[in-house]
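The values are calculated or read from the model by the stated rules, or taken from the named source; none is laboratory data. Since this is a predicted model, take the numbers as computed values, not measurements. Cβ sites come from the backbone with ideal geometry, for glycine too, and all protein chains shown count toward neighbours. For the accessible areas, the whole protein counts, side chains as well, though only heavy atoms, and no ligand, DNA or RNA atoms are used. Shrake-Rupley method; radii C 1.70, N 1.55, O 1.52, S 1.80 Å.
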Amino acid sequence: MHFTSFLENGKLTIALTGEIDHHCAKAYIQIISAKIEAYMPEVCVLDFQDVTFVDSSGIAVVINALRNMAQIEGKLLLSGISPQPMRVFRASGIDKLVEIREAVS
């Protein structure tokens, strides 16, 4: 698990990497929650450009980030979604709750 984050003009971007599964999801949830609480952004972007795999634990990561942003009346955006994670997010209905921008091939 590796990630980078930066805040610019009220927008917090968190770039996730690798596989998001039950082995790392809890840590991602805690890190993302702490970043949102610390910076109180208007918009939080979870950048999935370097994520190669997502299972149901990845859905939990997104739902928790969505809840955290809702508590501060902010917006969550997912970007750089490759085909495999996109299939999981569409099957779960996440794409109906969160704005998603697919990766450009």
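Could you tell me which numbered condition Phe6 fails, if it satisfies all but one of (1) without any contact (Cβ under 8 Å) to a residue 24 or more places away in the chain; (2) in a helix (DSSP H, G or I)?
The number of the failed condition is (2).
Return a yes/no flag: does the range 86-103 have any residue that is under 17 Å from Thr17 (Cβ atoms), small (Gly, Ala, Ser) and not in a helix (DSSP H, G or I).
The answer is yes, given that some residue of the range 86-103 is under 17 Å from Thr17 (Cβ atoms), small (Gly, Ala, Ser) and not in a helix (DSSP H, G or I).
If Val61 passes every condition in (1) in contact (Cβ under 8 Å) with a residue 40 or more places away in the chain; (2) not in a helix (DSSP H, G or I) but one, which one does it miss?
Of everything listed in (1) in contact (Cβ under 8 Å) with a residue 40 or more places away in the chain; (2) not in a helix (DSSP H, G or I), Val61 misses just condition (2).
For residues that are of a type outside the set (A, V, I, L, M, F, W, C) and farther than 16 Å from Cys44 by Cα, scanning just the range 70-94, find the one that is least open to solvent (accessible area, probe 1.4 Å).
Among them, the one singled out is Pro85.
What number goes with the only condition from (1) modelled with pLDDT of 95 or more; (2) open to solvent by less than 20 Å² (accessible area, probe 1.4 Å) that Val43 does not pass?
(2)
Could you grab me the full set of residues in the range 50-68 that are under 11 Å from the mean Cα position of the chain (by Cα) and either open to solvent by 40 Å² or more (accessible area, probe 1.4 Å) or under 13 Å from Ile29 (Cβ atoms) (or both)?
Passing the criteria: Gly58, Ile59, Ala60, Val61, Val62, Ile63, Asn64, Ala65, Leu66.
State all residues of the range 1-31 that are more than 13 Å from Leu77 (Cα to Cα), of a type in the set (Val, Ile, Thr) and surrounded by 14 or more Cβ atoms within 10 Å (Cβ to Cβ); if no residue qualifies, say none.
Passing the criteria: Thr17, Ile20, Ile29, Ile31.
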